[in-house]
Every structure is written in C-alpha cells, then in structure tokens.
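Student: Could you have a look at this structure, given as structure tokens, before my questions?
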Amino acid sequence: MAETIVKIINRSANPLPAYATSGASGMDLRADLQTPIALEPMQRILVPTGIFIEIPEGFEVQVRPRSGLAIKQGVTCLNTPGTIDADYRGEIRVILINLSAEKQTIQHGDRIAQMVLQKVEKINWEETTMISETERNEGGFGHTGKN
C-alpha cells in the first residue's frame, strides 16, 4: 500500500496519531488539555489536540467520531466528517457533543476522534441544458422509489 508523507508538529505531550491496527483507516486524535473538561448533556465544546499538519495538495483529512466513545459515553463529533483542507495550517481541534443524559468528562490524552487522509478530486464544470436520466431520476432525498 502506498503511503503519503504528511508533515506534523506535535505541541502536546501525547504521542503522534497512529493506526491502532494494520487494517485501520483512521488514526486516533487525543485531547490536549490543561484541565479535564466536564461536558454536560447536550453541551458542545471545541477540544484542542496540539497537532498541526501540512496536508499535501490533492488531499484532505476527515475528522470522524470514535465508535467506542459514542457507544460507551454518548460523546460524538459534530460537523462530521469534519474536513481539514490542504491549505489549513492551524491546530486540529475537534467539536464534541455529549448526547448522553449524564455529565461526561474528557481528560488530557483521551482518544476523542479519528482522522482519515483522503484524496480529493477537483470539479471542472461543464455547463449544459440537459443531464442524463436514471431509474431514480427526481426521487427525492431518502427515496429510491423502492419499497
């Protein structure tokens, strides 16, 4: 499998993001906190990671929820998948929300999200007066025309 080189600055005390297994597509992002964050039910917060990356042109990084955090604590990412564009150079921060009925605490070093590197195709528009028809055609959002 081909690997893409991505420059990284880690200003946290946490290890660099890494794949947990050889088949993993996402690398865990960890919270970089001075003090724990108590997240009330339905509260959302922007959590720093201390990570800065230089994404190569033609790629993006998607920030996605961690399934374990969602099922065990009811904490997930908003704006998901969050897109980090190739020309962004700021700190990666993750928008978390507590969807559980209880207060949840985020500690320094907690795995809060995962990031996935993706190729990006650019669109070159071709204006026209007609587009092709399909079996679904104008079948609306959430509607395939099948029962």
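Student: Fewest Cβ neighbours within 10 Å first, please rank THR4, THR76 accordingly.
Tutor: THR4, THR76
Student: Among TYR19, TYR88, which comes first, then next, by fewest other beta-carbon atoms within 10 Å?
Tutor: Ascending Cβ contact count within 10 Å gives the list TYR19, TYR88.
Student: Scan around SER100 for amide H atoms under 5 Å from its own, H built in the peptide plane at 1.01 Å from N, and keep only partners 5 or more places away or cross-chain.
Tutor: MET42
Student: Count the net charge of all other residues whose Cβ sits under 12 Å from the Cβ of ASN14, scoring Lys and Arg as +1 and Asp and Glu as -1.
Tutor: Here the charged neighbours net out to 0.
Student: Can you sort LEU96, LEU46 by how many other beta carbons sit within 10 Å, fewest first?
Tutor: Result, fewest neighbours first: LEU46, LEU96.
Student: State the answer as a single residue: which of SER132, THR80, MET42 lies farthest towards the positive end of the charge dipole of region 1-139, with beta carbon charges of +1 for Lys and Arg and -1 for Asp and Glu, about the Cα centre.
Tutor: MET42
Student: Next question. Quick check on the chain: helices-only [θ] at 222 nm, where DSSP H runs of length 4 and up contribute -39,500 (n - 2.57) each and the sum goes over total residues. Nearest 500, please.
Tutor: Helix contribution divided over all residues of the chain: -1000 deg cm²/dmol.
Student: Let me ask something else. Using the Karplus curve 6.51 cos²θ - 1.76 cosθ + 1.60 with θ = phi - 60°, what ³J(HN,Hα) values do you get for each residue of region 53-59, in whole Hz, with x for Gly and Pro?
Tutor: Each residue of region 53-59 in turn: 10, 10, 6, x, 4, x, 10 Hz.
Student: Order these peptides, 47-57, 127-137, by their mean beta-carbon neighbour count within 10 angstrom, highest first.
Tutor: Taking the mean over residues of other Cβ atoms within 10 Å, the ranking is 47-57, 127-137.
Read-outs throughout are calculated quantities, based only on the coordinates presented, and are distinct from any laboratory measurement. Values in this document were obtained by computation on a predicted structure and should not be read as measured data. For neighbour counting, all protein chains shown are included, and Cβ atoms are generated from backbone atoms with ideal geometry for every residue, glycine included.
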